[in-house]
Every structure is written in structure tokens, then in C-alpha cells.
1. Which numbered condition trips up Asp93, out of (1) buried (at least 21 other Cβ atoms within 10 Å of the Cβ); (2) out of contact with any Ser or Thr (no Cβ under 6 Å at 6 or more places or on another chain)?
2. Return the residues of the range 149-188 that are touching a Phe, Trp or Tyr at 6+ places or on another chain (Cβ under 8 Å) and among the aromatic types (Phe, Trp, Tyr); say none if nothing qualifies.
3. It is to be established whether one or more residues within the range 43-50 are part of a loop (DSSP other than H, G, I, E, B), hydroxyl-bearing (Ser, Thr, Tyr) and either at pLDDT 90 or above or within 12 Å of the chain's Cα centre (by Cα) (or both).
4. Name the single residue, out of those in the range 139-162 being in contact with a Pro (Cβ under 7 Å, 6 or more places away or on another chain) and not in a loop (DSSP other than H, G, I, E, B), that is surrounded by the most Cβ atoms within 10 Å (Cβ to Cβ).
5. Got a number for residues in the range 115-132 being more than 17 Å from Ile180 (Cα to Cα), surrounded by fewer than 20 Cβ atoms within 10 Å (Cβ to Cβ) and either without any contact (Cβ under 8 Å) to a residue 60 or more places away in the chain or hydroxyl-bearing (Ser, Thr, Tyr) (or both)?
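The values are calculated or read from the model by the stated rules, or taken from the named source; none is laboratory data. Quick caveat, the model's predicted, so the values are computed rather than measured. Because the Cβ atoms are built from the backbone with ideal geometry, glycine has one as well, and the counts that use them run over all protein chains shown.
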Amino acid sequence: MARQVTQFLIAAAMLGTASSTLRAQGLEMKNSGGNPAAFEVELSQVGGKGPSLQSVAIGTLRCDKRDAIVGVQIKQGPVLDYIRPVCAEVTCDKGACGWVADDAYDGDEYAGNPDGGTAVFMECPPGLVVAGFEGVAANRNAFVGGLRVACGKVASMQKRKDGRAVFALAPAAPVWAERIDAAGDPVEAEPDPKAVTRGTQVTEYCKGWAATGLSVAVAPMVNVGVDQSKLMQSFKDMINPNSYSQTMPWDMMKVDKGANVIQAFSMFCAKGP
């Protein structure tokens with residue numbers, strides 16, 4: 001009977017869920033499409049796998065087409081609650097390219113729950129732009145548990161025919177952006193291991209050209225609770241031929257659809273002009 005109860009709960013908890021791998025692309029989030037453009041390549045994905053609710057939004061977060069992604073803002077709880085790019089205009093003069101820290105601005109687009117978790121800021125040093133990431137999945141690889149971004153030095157800037165700027169990277173080792181909180185203090189790169197089940201770690205870098213977009217899928221975290229006393233009485237009623245009061249177990253499943261969080265993440269990089 002215990003085995004039957006366990007199998008029943010697993011099946012009930014998965015109703016309305018998707019078990020296949022979820023790609024962090026395909027729909028629109030605000031004004032940005034979710035698929036990489038012809039001039040982009042997509043890096044490997046973290047999260048979005050295993051039993052989980054279907055995403056409620058999928059898309060790509062971008063900066064203005066004239067500017068570069070120079071950092072990322074997140075809000076971190078047991079999983080990644082929220083993400084937003086930090087942008088800046090890059091200028092090149094006599095072979096040297098860079099941007100001014102005072103000119104950095106928050107991107108127009110964000111994903112997830114802006115009221116959740118602890119704010120974490122990751123910004124590249126001036127002269128460097130976002131060019132990779134390291135992410136760790138949580139809850140059996142269903143969600144993104146933690147994230148940090150890598151920065152690469154800009155070697156040159158090219159303008160595409162559509163006016164979008166793409167940035168060639170110098171052949172130098174990437175630099176990890178410092179993770180700080182609102183007070184400027186360092187923040188751990190991963191969530192509390194007691195709060196989530198750690199999943200796969202993904203480390204990816206752009207090859208030759210900098211990041212052009214942050215591809216994300218958003219879904220609510222789901223907590224499934226069961227009233228154990230009623231559940232046991234229900235099973236007793238079901239196997240008692242003299243009982244006329246039979247409450248089905250699924251009537252007692254308590255499904256709490258919480259705030260939206262980041263379910264999957266990947267990054268787009270330019271292929272070149």
C-alpha cells in the first residue's frame with residue numbers, strides 16, 4: 001500500500017506538467033523574440049529540464065541595439081527569482097574601446113519576480129562586456145539555482161546593416177564579474193545548499209564575439225502539500241466495503257502556484273558582423 005500511495009502522489013503532482021527538456025526560446029517577452037537571430041549563436045542552457053510546470057513566458061532580454069550588455073542584475077532566493085541586463089554605450093578611439101561606468105543603465109526588459117529574493121549586482125569593469133556565464137540548476141534541473149557572468153575585453157566594434165552593434169573580443173582569458181549586494185558587499189555565487197537540491201552546473205563562453213541577449217524561460221515554483229490524516233482516512237475508506245464516505249485523494253492535494261521565477265537560462269552571442 002505504501003508503494004501505491006507514493007506512486008499515486010508522484011502521478012498527481014505531475015498533472016499539468018511537462019517532463020521533456022524545455023528550451024529557453026520560442027515566444028516573445030516584451031519586444032524581443034525568443035529565438036537567436038541569424039547573426040547569433042546560442043550557448044548551452046541551464047535549468048528547464050525534468051518534471052516542472054510549463055513556462056508562462058519565454059523570450060530574450062536585450063539592450064538597445066547600439067549598446068552592449070555590460071552586466072546583469074538578479075534577485076536570488078532558493079532559486080533565481082529575477083534577471084535584468086545592464087547596458088552601456090561602447091565607444092572606440094584609436095583602437096581602444098570602452099564604456100563609462102556612470103553611463104551604465106538598466107535594460108528596459110526584465111524577467112521573473114522583481115519582489116523576490118536578495119538583489120545581486122554583477123557588472124563588468126569598463127572596457128569589458130558580458131561574454132559568458134556559469135549557472136547551476138536546482139530542484140532536479142527544473143529551475144535556475146544560481147548565476148554569475150563572465151566578462152571579455154572589447155577589441156573592436158562593428159555595426160551591422162540593421163544598426164545593431166556587435167563587439168569583437170580580444171584573445172584574453174575571461175574575467176568573472178564580482179557579485180555584490182545593494183551595500184556593495186560580496187555575495188556567494190550559489191544558493192544555500194540546504195534550501196534547494198543542486199543540479200547540473202553549466203559554464204559557457206562566447207567565442208570571439210560578445211553576448212547580445214539573455215534567453216530566459218519563466219514559470220512559477222510549485223509546492224505540493226498533502227493533508228496526511230485525511231489522505232490515510234481516504235485510503236482506508238477506499239478499501240472498506242462498508243464505507244459510503246469516500247473522499248478521493250486528489251481532492252486534498254494542495255498546489256500552491258507561487259510567484260514566477262527563472263526556469264531556464266541561456267545566452268546569445270554574436271557570430272560577427
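1. (1)
2. Phe167
3. Our first condition is that a residue be part of a loop (DSSP other than H, G, I, E, B); within the range 43-50, this holds for 43-45, 48-50.
When the remaining residues are screened for being hydroxyl-bearing (Ser, Thr, Tyr), the result is 44.
Applying the additional criterion that residues be either at pLDDT 90 or above or within 12 Å of the chain's Cα centre (by Cα) (or both) yields 44.
Within the range 43-50 (the criterion being part of a loop (DSSP other than H, G, I, E, B), hydroxyl-bearing (Ser, Thr, Tyr) and either at pLDDT 90 or above or within 12 Å of the chain's Cα centre (by Cα) (or both)), the answer is yes, since at least one residue qualifies.
4. Among residues in the range 139-162 that are in contact with a Pro (Cβ under 7 Å, 6 or more places away or on another chain) and not in a loop (DSSP other than H, G, I, E, B), the one surrounded by the most Cβ atoms within 10 Å (Cβ to Cβ) is Gly145.
5. Count: 1.
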